[in-house]
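Engineer: Mind looking over this structure? Questions follow.
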Amino acid sequence: MSGVSGTGGAGGTNGTSGAGGTSGTNGGLGTSGVQGTTVLHLADPGEAADLAAFLGRLLHYDRAAAVRIQASGTALAVFGRPPSFEVLAVRTARLAKPYENGLDVSLDVTVSAGDLLESVDEPAATVGVPGTITGPPWTGVLPPRGGWQGEPGLPAPDAVRAMVAAAVGEFRTRTEELAPERRTRAELDRIGREIWSRPVADTGLPIRAAHAAQSLGFLRPARAGAPDESPLALFSSGAWLRLRTPYGSIAVRRAGLGALDVSVR
């Protein structure tokens, strides 16, 4: 992937390239409010609203969620891992101008998702970068920057949404039919693994990745009048698969995220 890890390569950056005006002298970055706080200037209020919505959904699943944020050029990428899905979610946004902070031309930090959400100013189209934290292990293992190749077999968006809805319905029906003595956590987990590990059509992408995309708002129809937004597509690079949507990407390792068996950076 080019520029920001996990956002470029095959299929581009989900619409993260672009330019516009900004205030201050540091390109897409400035300082305001608390002394020394880095403030990123997004391309427009819509980018800020979408970022806030993504962070809110992550926090719905994990109130203590951490995110890794990267900025390079005019691309901002925010990586999160919603619990239980075993995927990485990537939300991209456009900066008003190429990132620059003194001699630094890139940003790569791990922060609290809650603190980041609190710093989003939608009308001003800005987001402050909170203090860094020591993140969980997944923050050191991101999808590769390059080598992405298109994968065939992905159904149309409506069909993918229908598959997710069918899987949710099947899980609900099967668990509701369990006798009370069998409705244990182990049995629920077994049913969930059976359903969510199934592939999407003839691809190697597990349905849980599409479910994660749906739950995070990535599978909603593309905005009207936005022809530059990339359609739904599937890519692979090494052990990774990436479901790209107009609103972000879901990346999943074919063997899951349990073992840190790729390069750590």
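The values are calculated or read from the model by the stated rules, or taken from the named source; none is laboratory data. Everything quoted here is computed from the prediction, not taken from an experiment. Here Cβ is always computed from backbone atoms with ideal geometry, including for glycine, and neighbour counts include all displayed protein chains.
Engineer: Kindly indicate whether Ser112 is of a type in the set (Ser, Thr, Tyr), touching a helix residue (DSSP H, G or I) at 6+ places or on another chain (Cβ under 8 Å) and over 19 Å from Phe235 (Cβ atoms).
Structural biologist: No: the conditions fail for Ser112.
Engineer: Which one is surrounded by the fewest Cβ atoms within 10 Å (Cβ to Cβ), of the residues in the range 121-145 that are under 16 Å from the mean Cα position of the chain (by Cα) and of a type in the set (A, V, I, L, M)?
Structural biologist: Result: Val141.
Engineer: If a residue must be assigned to a loop (DSSP other than H, G, I, E, B), touching a residue at least 24 places away in the same chain (Cβ under 8 Å) and within 19 Å of His41 (Cβ to Cβ), how many such residues does the range 125-143 contain?
Structural biologist: 1
Engineer: Of the residues Glu176, Glu151, which single one is loosely packed, with under 14 Cβ neighbours inside 10 Å, among the acidic types (Asp, Glu) and either in contact with a strand residue (DSSP E or B) (Cβ under 8 Å, 6 or more places away or on another chain) or over 19 Å from Gly248 (Cβ atoms) (or both)?
Structural biologist: Answer to the selection: Glu176.
Engineer: Determine whether Ala167 is surrounded by 14 or more Cβ atoms within 10 Å (Cβ to Cβ), in contact with a strand residue (DSSP E or B) (Cβ under 9 Å, 6 or more places away or on another chain) and among the hydrophobic types (A, V, I, L, M, F, W, C).
Structural biologist: Against the criterion (surrounded by 14 or more Cβ atoms within 10 Å (Cβ to Cβ), in contact with a strand residue (DSSP E or B) (Cβ under 9 Å, 6 or more places away or on another chain) and among the hydrophobic types (A, V, I, L, M, F, W, C)), Ala167 does not qualify.
Engineer: Kindly indicate whether any position in the range 226-249 is modelled with pLDDT of 95 or more, β-branched (Val, Ile, Thr) and surrounded by 12 or more Cβ atoms within 10 Å (Cβ to Cβ).
Structural biologist: no
Engineer: Within the range 52-89, track down each residue that is part of a loop (DSSP other than H, G, I, E, B) and of a type in the set (Gly, Ala, Ser).
Structural biologist: Residues satisfying the conditions are Ala64, Ala65, Gly73, Ser84.
Engineer: Moving on to the next point. Condition first: touching a residue at least 40 places away in the same chain (Cβ under 8 Å) and either farther than 24 Å from Phe218 by Cα or out of contact with any strand residue (DSSP E or B) (no Cβ under 9 Å at 6 or more places or on another chain) (or both). Now tell me which residues in the range 73-101 satisfy that.
Structural biologist: Across the range 73-101, the qualifying residues are Lys97, Pro98, Tyr99, Glu100, Asn101.
Engineer: Of all the helices (runs of 4 or more DSSP H) wholly in the range 146-239, which have at least 1 residues that are without any contact (Cβ under 8 Å) to a residue 24 or more places away in the chain and among the polar types (S, T, N, Q)?
Structural biologist: Filter on the range 146-239 gives 157-176.
Engineer: With respect to the numbered conditions (1) at pLDDT 55 or above; (2) over 20 Å from Lys97 (Cβ atoms); (3) touching a Lys or Arg at 6+ places or on another chain (Cβ under 9 Å), which one is the sole condition not fulfilled by Ala10?
Structural biologist: (1)
Engineer: Next question. Take Arg161 and tell me if it is over 26 Å from Ala93 (Cα atoms), of a type in the set (Lys, Arg) and surrounded by 12 or more Cβ atoms within 10 Å (Cβ to Cβ).
Structural biologist: No.
Engineer: Please state which of the following conditions Thr92 fails to meet, knowing it meets all the rest: (1) at pLDDT 95 or above; (2) of a type outside the set (Gly, Ala, Ser); (3) in a strand (DSSP E or B).
Structural biologist: (1)
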